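Working notes for the structure below.
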There are 4 protein chains.
Amino acid sequence: MAVRAAVAGASGYAGGELLRLLLAHPGVEIGALTGHSNAGQRLGSLQPHLLPLAGRVLEPTTAEVLAGHDVVFLALPHGQSAAVAGQLGDEGVVVDMGADFRLRDAGDWEKFYGSPHAGTWPYGLPELPGARAALAGSKRIAVPGCYPTAVSLALFPAYAAQLVEPDAVIVAATGTSGAGKALKPHLLGSEVMGSMSPYGVGGGHRHTPEMIQNLSAAAGEPVTVSFTPTLAPMPRGILATCSARAKPGVTAAGVREAYEKAYADEPFVHLLPEGQWPATASVYGSNAVQIQVAHDKAAGRVIVISAIDNLTKGTAGGAVQSMNIALGLPEDTGLPTTGVAP
Amino acid sequence: MAVRAAVAGASGYAGGELLRLLLAHPGVEIGALTGHSNAGQRLGSLQPHLLPLAGRVLEPTTAEVLAGHDVVFLALPHGQSAAVAGQLGDEGVVVDMGADFRLRDAGDWEKFYGSPHAGTWPYGLPELPGARAALAGSKRIAVPGCYPTAVSLALFPAYAAQLVEPDAVIVAATGTSGAGKALKPHLLGSEVMGSMSPYGVGGGHRHTPEMIQNLSAAAGEPVTVSFTPTLAPMPRGILATCSARAKPGVTAAGVREAYEKAYADEPFVHLLPEGQWPATASVYGSNAVQIQVAHDKAAGRVIVISAIDNLTKGTAGGAVQSMNIALGLPEDTGLPTTGVAP
Amino acid sequence: MAVRAAVAGASGYAGGELLRLLLAHPGVEIGALTGHSNAGQRLGSLQPHLLPLAGRVLEPTTAEVLAGHDVVFLALPHGQSAAVAGQLGDEGVVVDMGADFRLRDAGDWEKFYGSPHAGTWPYGLPELPGARAALAGSKRIAVPGCYPTAVSLALFPAYAAQLVEPDAVIVAATGTSGAGKALKPHLLGSEVMGSMSPYGVGGGHRHTPEMIQNLSAAAGEPVTVSFTPTLAPMPRGILATCSARAKPGVTAAGVREAYEKAYADEPFVHLLPEGQWPATASVYGSNAVQIQVAHDKAAGRVIVISAIDNLTKGTAGGAVQSMNIALGLPEDTGLPTTGVAP
Amino acid sequence: MAVRAAVAGASGYAGGELLRLLLAHPGVEIGALTGHSNAGQRLGSLQPHLLPLAGRVLEPTTAEVLAGHDVVFLALPHGQSAAVAGQLGDEGVVVDMGADFRLRDAGDWEKFYGSPHAGTWPYGLPELPGARAALAGSKRIAVPGCYPTAVSLALFPAYAAQLVEPDAVIVAATGTSGAGKALKPHLLGSEVMGSMSPYGVGGGHRHTPEMIQNLSAAAGEPVTVSFTPTLAPMPRGILATCSARAKPGVTAAGVREAYEKAYADEPFVHLLPEGQWPATASVYGSNAVQIQVAHDKAAGRVIVISAIDNLTKGTAGGAVQSMNIALGLPEDTGLPTTGVAP
């Protein structure tokens, strides 16, 4: 029997991608869809690619509307998730696709988000050590940020295997959907096509403490992260180039072996054969992750590159994957592993 | 029980899209995959987005390799399909995704393709009058060209309802995958990004006689077609702007009514609500067709615009849809109707 | 001695392109730069590509600020140009890059723009018959719309030579800068990349009466225009596919001859050699126009395709070209004829 | 009096960009244009954006054809430059836009290029300490690689001012023209649009030793470089994200001061105001460089980001800038400092 799922924030990019996946999920029936300024509008005018839901009308985002569902997905700006979640009862599963419940350290939260910490929920990156156990049967799930998903999957095996020093350097390129549907001049098509540009340089991006949390847990010691996000002229995708100084004695073969071991049984993470490199196009619309590793002997660094779709594995696909675990369904139910390419 | 399908030409864009769809098709098991110059290579290096098939190795395209399958898809250059088809027995279904068996008129074929006509197979555009009956139980299917799919669906209802004069004017923009994986300078990313350009102007495009065939059949009289294809800076999608002079007495309401009637029961064709216009992004990776109509009273023309994904509904999705009919499966089995957007 | 030029509306795309050209113009010195909501801001933050002007601060758009310049360019929304122009004296040249003074027919203006007609100024498309004479020494210039520039240059020779019937069909693709810097959801990079979509279908686009005005003048009889604009995933460029029914007796050679004659001495219009087709990339950032013609005998139509840069020849370059004529400078002063490609 | 310049390799992207710049250079007259497989073809069919040269026909690349020019530009694959240069006399200036004469260390050359070292010419990055003196009056110029241009300008001031440790980490995104006009599948528009992917990961890219050479010279000690290039979905531009561990006591203000000092008098390098970040679109078609700096205190790193146009400042513009110096012309003659945006 299908579970009934509500989606709060159905008019944004994360909500739209979630609905695309839920429409193809054999165990889910789509319930209430809510919006804020868009309440009352047909989904067909807001998300014209979701043809089977074109006639659905958005309701306001209230606890009453969201009540009575087996699963409630919150695709809301940070801060709003916590407010809505606080009004929902305990009978259903609540999946926060925002940032509110990702960080364990209240000080980090307050420093980067400037508001009181709402709490910490089981973290929806099943590939991390211990994550599946915490998610199984959980009524609450904090979906990771898109960058932390790409970066943590790229680097945690190197830290877990003690291959690298605790000062990671990360440069990642994201498609524009990562910035959401916000009407800002620098997100206009005329501005982004043909252009690469950085933002949040120097440690200010809000996903930084989340990366530090994940990598430090893997390393068993505090890891510093230098993170530079860049905006790329494409709608979707994250390519994360991650590196750290190799510990003494590390070899290319040793690095490869650690990653083969880490990802041998993972349904969504593909360590590519040697000589082949990740490309965001290969995971377009897919929940898959492509990873490749290198050891630069001359520079003394281990380089790991990962590619994900920021909206799928990086947000909505990760949410469904964790929901599957929480509900006891096969983890890959309803999740595509083939990209839409070319 | 699943049917076993072979794909000849698995390394190209049409073959790749077909495999993406077949992987998600509950009634199909993927059999032999063949290539020409790529025989012997891993599919993972040729189609890196098809992760579940990454380890499969291409075999040569021979009748022996293709024998013994319930369905054989031919994703080959024109001319080669007929040669291979001629060597296949009658037990299985053969679906030609090339041009060889689309045209009924041998003279047209010879004029546009410069080789002897191989024959005519049931035409795989189920939405056309009479097409489903011809496809049901058929052992042979000719998949339409991508442009004729977009154009015929846009205009046949206007011709069938006698709303327009028999001289259609069509300008269509296609994504670059429509030109295939050919290594030609004008298809390099550096050349196509940021550029629109036409080709085959003035009646020379090989899809022209196929459009004429379909529209003339709908009109019950010979229709002339002025067709200008243009190459757009996007990987996928066709936007077809089609128009013809309105017959006397035609009204906007009358046009809309004809299209509502024509597409009331079609699972893949969506006549958009008034005020909303097709966009190729909305059908990215989907088998859906978006259509909108207008009546320009001052210019005396009916304008119909359609958007499809050239690789999905325009090629591989159309092939699967017709295969479903031929095999007696529900027509929409395994076919996405949601686009991957943004 | 250099003329001093003010630019009203320096923060938009048209104003920015104009400044790029004026910076390279040996006979112009840049004077006041004005903005509306952006008054008081550094140009460096609004137009970061105009490095030599990065430190300039926008002033408010008032007659006082604009007074005392030899030339005033108005890169303002329609309606605002006329208001500002009315406050400027007669001593200097005023170049309206908006729509206010393009149309001769007050009824057309009111129907398409919904406000009282402000008047008609000499029309800044020098290639049209008689246009240069009207521009020479003029104190007022109405710069054509970007689409009418591309379409009129494509079709007026065919009408002037009586080669085609008076019912033109035009489908044009534009880069997103044609829509300006407006913060609208459908102009976000996430929406436009990878997508083609039409707008203003069925005769509603405001550039339609301007095309009709130009083509009817060339034909010596009323011409109807069916015009469908489409938005393409590129920042700049217009590709216009224009056609009309061939008059009896028209031949391919006759069409070519008419265009060779029309454009033999034009510095910016390039009739391409047979076999080569226009591409917007080839005129990127250039004031050049590429044109090619075809005669589709089977469909009985003449097809003419033109490519321009909507911001250069289509707006700011056309403005400078006409200013050069008005001031008695060589017409091509300061205007690039090489595109920035690839 | 204009110098006469020949261009060997006029059909490629570097040659085409050079010709675009030379057409606008008041002190240069364009002489012989040569090609290899394209000899005998019209430039108009190979470089359709260079309208003023459309009728020129390519000659074969021989010493005879190139003789008798004041300047000879070699836009040839590495290895071929040295072969041609060896046949040219000493009377004129020879500018190698390839790699043959960039490296000082023969061992580095042989390791990365696999052929005997041809020698070392004055290095055409005028902004580096001492470079202008070496270029003035020189008859030979080695134009830097595009990546080394972006990276050296980003990092040499930090090394010269002893602000950072000698282990640089660089991730750079390039437009596809950086890979040239080569007909390779991964450079097809269908493959690159919508995709980011790395290549040459782990220290293998041939530009690495050139970066090491420049940065080590600035630092006065050996610097290691971890360099990861990525291919971005845009035709032009390089965005280089460069970082190194901050030396003890380094502050944000100190970093900024060092860069202000280094670039105070440079005509092409623009240190952006605080809060503004480089974007490749802002330098599209321009010889300008945008640079911004940051100090990540938590991660203990200095991050410097630069944006250039790989074909302009990164290749052809840098070549013209150095030629200007060699010939005693004002350094910025004929070189645009405004980008073509949006």
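The values are calculated or read from the model by the stated rules, or taken from the named source; none is laboratory data. Computed from a predicted structure; not experimentally measured. Reconstructed Cβ throughout: ideal geometry from the backbone, glycine too, with neighbour counts over all protein chains shown. The accessibility values were calculated without ligands, DNA or RNA, using every heavy atom of the protein model including side chains. Shrake-Rupley method; radii C 1.70, N 1.55, O 1.52, S 1.80 Å.
List, shortest first and in nm to one decimal, how far the label point of C:P222 (7 Å from Cα along Cα→Cβ) is from its counterparts in the other copies.
3.3, 8.1, 8.5
Give the residue from A:P273, A:M193, A:G300 lying farthest towards the positive end of the charge dipole for the stretch A:147-308; charges sit on Cβ (+1 for Lys and Arg, -1 for Asp and Glu) and the dipole is referred to the Cα centre.
Comparing the listed Cα positions along the dipole, A:M193 ranks first.
Quick check for me: using +1 on Lys/Arg Cβ and -1 on Asp/Glu Cβ, what's the dipole size of the protein assembly as shown about its Cα centre, in debye to the nearest 20?
Once rounded to the nearest 20, the dipole reads 0 debye.
Rolling a 1.4 angstrom probe over the protein chains, ignoring ligands and nucleic acids, what is the accessible area of C:V223 in square angstrom, nearest 10?
Its accessible surface works out to 10 Å², give or take rounding.
Can you tell me the orientation of helix D:252-263 relative to chain D, as the angle in degrees between its alpha-carbon axis and the longest Cα principal axis, to the nearest 10?
30 degrees
To one decimal in nm, how far is A:P26 from the same spot in the other copies, if labels go 7 Å from Cα toward Cβ? Please give the shortest first.
Values, ascending and in nm: 0.6, 7.5, 7.5.
Give, ordered by residue number, each residue of the stretch D:212-238 whose 1.4 Å probe accessible area is reduced by a minimum of 20 Å² on adding the remaining protein chains to the chain alone.
So the qualifying set is D:T224, D:S226, D:T228, D:P233, D:M234, D:P235, D:R236.
Over chain D, what is the relative contact order in percent, taking alpha-carbon pairs closer than 8 angstrom and at least six residues apart?
Relative contact order here is 18 percent.
Give the separation of the Cα centroids, the stretch B:1-72 to the stretch D:5-83, in Å.
A separation of 46 Å, based on Cα centres.
Can you compute the modelled spin-label distance between B:E257 and D:E91, with each label point 7 Å from Cα toward Cβ, in nm?
8.6 nm
State, in square angstrom and to the nearest 100, the accessible area buried between chains A and B, both chains counted, probe radius 1.4 Å.
Adding both sides of the contact gives about 2400 Å².
With a ≥ b ≥ c the root eigenvalues of the C-alpha gyration tensor of chain D, is it rounded (a/c under 1.5), prolate (a/b larger than b/c) or oblate?
Prolate, since a/c reaches 1.5 and a/b exceeds b/c.
Restricting the count to DSSP beta bridges whose residues both fall in the stretch A:147-308, what percent are antiparallel, rounded to a multiple of 5?
Approximately 70 percent, going by the DSSP bridge assignments.
Taking Cα pairs under 8 Å and at least six residues apart, what relative contact order does the stretch C:1-156 come out at, in percent?
18 percent
Given +1 on the Cβ of Lys and Arg, -1 on the Cβ of Asp and Glu, and no further charges, what dipole in debye does chain B carry about its Cα centre, rounded to the nearest 20?
For chain B, the charge dipole is close to 500 debye.
Explain nothing, just the number: dipole magnitude of the stretch D:162-291 about its Cα centre with +1 on each Lys and Arg Cβ and -1 on each Asp and Glu Cβ, in debye rounded to the nearest 20.
Dipole of the stretch D:162-291, to the nearest 20 debye: 400 debye.
Per-residue ellipticity at 222 nm for the protein assembly as shown, helices alone: DSSP H runs ≥ 4 residues times -39500 (n - 2.57), over residue total, nearest 500 deg cm²/dmol?
After summing the helix terms and dividing by residue count, I get -7500 deg cm²/dmol.
Of all the accessible heavy-atom surface of chain D, with the other protein chains kept in place and a 1.4 Å probe, what percent is carbon and sulfur?
54 percent
Taking the Cα centre of chain C as the origin and placing charges on Cβ (Lys, Arg +1; Asp, Glu -1), which of C:P233, C:V143, C:P129 is farthest toward the positive end of the dipole?
So the residue furthest toward the plus end is C:P233.
Run through the other copies and list how far each one's label point is from that of C:K297, in nm with one decimal, shortest first; the point sits 7 Å from Cα along Cα-Cβ.
For C:K297, the inter-copy label distances come out at 4.1, 6.9, 8.0 nm.
Working from Cα positions, state the angle (0 to 90°, nearest 10) between the long axis of helix C:317-327 and the longest principal axis of chain C.
For helix C:317-327, the angle is close to 70 degrees.
Using alpha carbon centroids, what distance separates the stretch C:184-215 and the stretch B:201-248, in Å?
21 Å
Of D:R236, D:R206, which has the most accessible area and how do the rest follow, probe 1.4 Å?
Per-residue accessible area, sorted high to low, gives D:R206, D:R236.
Largest first, how would C:E191, A:E257, C:E127 line up by accessible area (1.4 Å probe)?
A:E257, C:E191, C:E127
Using a 1.4 angstrom probe with every protein chain in place, what is the largest-first accessible-area order of C:L88, B:L22?
Ranking C:L88, B:L22 by accessible area, largest first, yields C:L88, B:L22.
What does the structure give for A:251-264 when I average, per residue, the other chain Cβ atoms found within 10 Å of the residue Cβ?
Whole-number average of other-chain Cβ neighbours for A:251-264 is 0.
Summarise the partner chain shielding of B:244-250 as one whole number: the mean count of Cβ atoms from other chains within 10 Å of each residue's Cβ.
Across B:244-250, the average partner-chain Cβ count within 10 Å equals 1.
Keeping every protein chain present and rolling a 1.4 Å probe, give me the accessible area per residue for the protein assembly as shown in Å².
31 Å²
Rounded, prolate or oblate, given the Cα gyration tensor of the stretch A:105-174, with a/c below 1.5 counting as rounded?
Because a/c hits 1.5 or more and a/b fails to exceed b/c, the stretch A:105-174 counts as oblate.
Which chain D residue sits with its beta carbon nearest the axis carrying D onto C, and how many Å away is it, rounded to a whole number?
Spelled out as residue then distance in Å, it is D:V340, 3.
How large is ³J(HN,Hα), in whole Hz, for each residue of the stretch B:185-190 in order, when computed from phi with the Karplus curve 6.51 cos²θ - 1.76 cosθ + 1.60 and θ = phi - 60°, using x for Gly and Pro?
Each residue of the stretch B:185-190 in turn: x, 6, 9, 4, x, 4 Hz.
Name the residue from C:V169, C:Q213, C:G92 whose Cα lies farthest towards the positive end of the charge dipole of the stretch C:78-236, charges +1 on Cβ of Lys and Arg and -1 on Cβ of Asp and Glu.
C:G92
Once you keep just the Cα pairs under 8 angstrom separated by 6 or more residues, what percentage relative contact order results for the stretch A:136-248?
Rounded, it is 47 percent for the stretch A:136-248.
Compute a Gaussian network model of chain C, connecting alpha carbons closer than 10 Å, and tell me which residue from C:G249, C:G124, C:G27 fluctuates the most.
Greatest mean-square fluctuation among the candidates belongs to C:G249.
Mind checking A:49-55 for the average number of partner chain beta-carbons within 10 Å of each residue's beta-carbon?
6
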